[in-house]
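A short worksheet on the structure shown next.
The values are calculated or read from the model by the stated rules, or taken from the named source; none is laboratory data. Bear in mind that the values here come from a model prediction, so they are computed numbers and not experimental data. So basically every Cβ, Gly included, is an ideal-geometry build from the backbone, and we count neighbours across all protein chains shown. Keep in mind that these areas ignore ligands, DNA and RNA; they rest on the heavy atoms of the full protein, side chains included. Shrake-Rupley method; radii C 1.70, N 1.55, O 1.52, S 1.80 Å.
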Amino acid sequence: MPERRTVALVTLGCARNEVDSEELAGRLEADGWALVEDAEDADVAVVNTCGFVDAAKKDSVDALLEANDLKGHGRTQAVVAVGCMAERYGKELAEALPEADGVLGFDDYANISDRLQTILNGGIHASHTPRDRRKLLPISPAERQESAADVALPGHAPVDLPEGLAPASGPRAPLRRRLDGAPVASVKLASGCDRRCSFCAIPSFRGSFISRRPSDVLNETRWLAEQGVKEIMLVSENNTSYGKDLGDIRLLESLLPELAEVDGIERVRVSYLQPAEMRPGLIDVLTSTPKIAPYFDLSFQHSAPDVLRAMRRFGDTDRFLELLDTIRGKAPQAGVRSNFIVGFPGETEADLAELERFLNGARLDAIGVFGYSDEDGTEAATYDNKLDEDVVAERLARVSRLAEELVSQRAEERLGETVHVLVESVGSEDPAEGAYGRGAHQAPETDGQVLLTSGEGLSIGRMVEAKVVGTEGVDLVAEPLQGTLACSEEAGR
């Protein structure tokens, strides 16, 4: 029997990319490829790139070059770029980076096995010419679902697959293969975005907003629970728009309780929420439903009205603070995080001071701060009133310092609270050394973690009640409450 072809997937960027990588892994495994963890052990290294901002693009290029360095020194014979950067730049990336043996767009995902085999055999698959993916679906959201079958939508593979194609345990198995054993996994709720933020290029290469069917989301969650997942995180470019193309803008409010009832799932987390689209009913569900984390990943971006208008966004400091007051009035321990852009074209000192006023009053658990830079193909890139790079850098440093101070203060406010922690690692040599996990207010990778002072009796994937006794910056230190593993009905609260 010939040796199986091997492939490694290297994923950069956001949780949405992680879902896409696991779909690619499912497709490849179903076609006979052996998945390996390290690129040096693979015939083909597939790098799932990020094309969001300059720093992410640089990381993607570095990962491709690093994988290319393995060729000639081990098993690796080819390096292939996929993902957002590959989709966004196509031939341009291929010409600028000849080290990549292939640059594949989203339209290639359904035939990923054939594409990789062609490249492995020394053939050439022509890199695609980028196009505005918003034009692939009807303008009217209500008409999109009928056209969706003809458009490549990474992470939207059908769930009820024919026997022999699904990579796992039964009729609910999606075309997905888990790439790690973590007790948390992301589930794609939708793809694309209909908003037209002047600084963002994502809609042009991810396309118009389109929801997945609730049955697919539910069945994929059931499958993940069978794989040992305890927490799911719903991801898309804009979760607050879920259902608008299915005829029900409040569909998320009815879906969440159903997800919370899936056997084995202890916590459901919703990410990527637009402040301007927050509805009272959605706030109620997020703050009062057992096993739904009272967690609000709100995309504020700024709070000065003039800057927000230039960004083609809505709101202001006072309205945003009112929203947060409403949330905390229903769930005082709710977690809130957001990202902000400083140095946007035309931003004045008064605008920056307004942003600082908001940050000082918002009591956010996690804050990401980015300095503005032009993004290809965006409206903001054409603006005339750009700030000097040194001014942007100074403002970035100033707001970043403030953010670091404020999230540390917010962590200190949680002293004495009881938190429900999903255990993600336990001391390898001595459980008494402690364990690490995340509370309901902490999303994976972005929001800090909880150090449990003892790991005795704990295992990865357990949900445990603990009392916060200290802080380390944004991180919490907590003592497990003896004999009080969080019951499933209370795990998300």
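Here is how the number arises for the chain: DSSP H runs of 4 or more residues each give -39500 (n - 2.57), the sum is divided by the residue count, and the result at 222 nm is -9500 deg cm²/dmol. The residues of region 417-480 present an accessible area of 41 Å² per residue when probed at 1.4 Å with all protein chains retained. Projecting the Cα atoms of Leu116, Val423, Cys193 onto the dipole axis of the chain, where Lys and Arg carry +1 and Asp and Glu carry -1 at the beta carbon, places Cys193 farthest toward the positive end. Computed across region 80-126, the Kirkwood radius stands at 10.5 Å (inverse of mean 1/r, all Cα pairs).
Over all other residues within a Cβ to Cβ distance under 10 Å of Arg312, the charged ones net out to +3, with Lys and Arg as +1 and Asp and Glu as -1.
What is the local net charge at Pro130, summed over the other residues whose Cβ is closer than 15 Å to its Cβ (Lys, Arg +1; Asp, Glu -1)? Charge balance in the 15 Å sphere: 0. Can you spot the lysines whose alpha carbon is less than 23 Å from Lys244's alpha carbon? Ignore those fewer than 8 places along the same chain. Cα-Cα hits under 23 Å: Lys135, Lys188. Here the chain has an Rg and Dmax of 22.7, 71 Å, counting Cα atoms alone. Partners of Lys58 within straight-line reach, counting lysines whose Cα lies under 25 Å from its Cα and excluding those fewer than 8 residues away in the same chain: Lys71, Lys91, Lys386. Candidate cross-link partners of Lys330 among the lysines, defined by an alpha-carbon separation under 17 Å and a same-chain spacing of 8 or more, comprise Lys291. Entry note: region 417-480 has Rg to Rh equal to 0.92, where both radii use alpha-carbon atoms and Rh is the Kirkwood radius.
Taking the DSSP bridge list for the chain and keeping only pairs wholly inside it, about 35 percent are antiparallel.
Rolling a 1.4 Å probe over the heavy atoms of the protein chains gives region 207-356 an accessible area of 31 Å² per residue.
Of the solvent-accessible surface of the chain, computed with a 1.4 Å probe over protein heavy atoms with every protein chain present, carbon and sulfur atoms account for 48 percent. Of the trypsin sites (Lys or Arg not before Pro) in region 178-244, the ones in a loop by DSSP (not H, G, I, E or B) with at most 16 other beta carbons within 10 Å are Arg196. Surface analysis of region 1-150 yields an accessible area of 47 Å² per residue, using protein heavy atoms and a 1.4 Å probe.
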